[in-house]
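Visitor: Encoded as structure tokens, here's the structure I'll be asking about.
The values are calculated or read from the model by the stated rules, or taken from the named source; none is laboratory data. All of these numbers come straight from a predicted model, not from anything done at the bench. Glycine also receives a Cβ, built like all others from the backbone with ideal geometry; neighbour counts cover every protein chain displayed.
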Amino acid sequence: MKFANEKIIVAADMSASFSSDPILLDQIYGFSFQAVFTGSPNGTFKLQCSNDDVKLPIEVSQWSDVGSTSQAISAAGDLFYNIDAAHYKWVRIVYTRSSGSGSCDVVYFAKGA
């Protein structure tokens, strides 16, 4: 069994929208994201997926929202996503700012065969 554990976003400025780089899910059967944010951010996190048949460093261009992952935030705190049986090729976490500011770190963890 293989494990991946990586800080994929470090001190992102939450006075603007941002997203993580695409993460390839080959051989991954489950993954999680943990976002920890400070300050007074106001916005929405969500996960997006893609089945684009590309390999990095080529840009993944076709993204779809992963159902039921949109989470509004309005203060400092944390957010956790735990996904089992991800049947798509690429994933990323997206933050869309409404107002406010802060700083955000995101850690990605995965288990695969």
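Visitor: Give segment 77-95 a look and list any residue that's loosely packed, with under 14 Cβ neighbours inside 10 Å and more than 12 Å from the chain's Cα centre (by Cα), or say none.
Guide: GLY77, ASP78, ASP84, ALA85, HIS87
Visitor: May I ask you to list the residues in segment 40-76 that are surrounded by fewer than 11 Cβ atoms within 10 Å (Cβ to Cβ) and of a type in the set (Asp, Glu)?
Guide: Correct list: ASP53, GLU59.
Visitor: Step by step: first the residues of segment 1-32, then only those that are modelled with pLDDT of 95 or more and in a loop (DSSP other than H, G, I, E, B), then the one that is farthest from HIS87 (Cα to Cα). Which residue is that?
Guide: The qualifying residue farthest from HIS87 (Cα to Cα) is SER15.
Visitor: I'm told ALA35 meets every condition in (1) within 18 Å of ALA110 (Cβ to Cβ); (2) of a type in the set (Gly, Ala, Ser); (3) outside any strand (DSSP E or B) except one. Can you identify the failing condition by its number?
Guide: Checking ALA35 against (1) within 18 Å of ALA110 (Cβ to Cβ); (2) of a type in the set (Gly, Ala, Ser); (3) outside any strand (DSSP E or B), the one that fails is (3).
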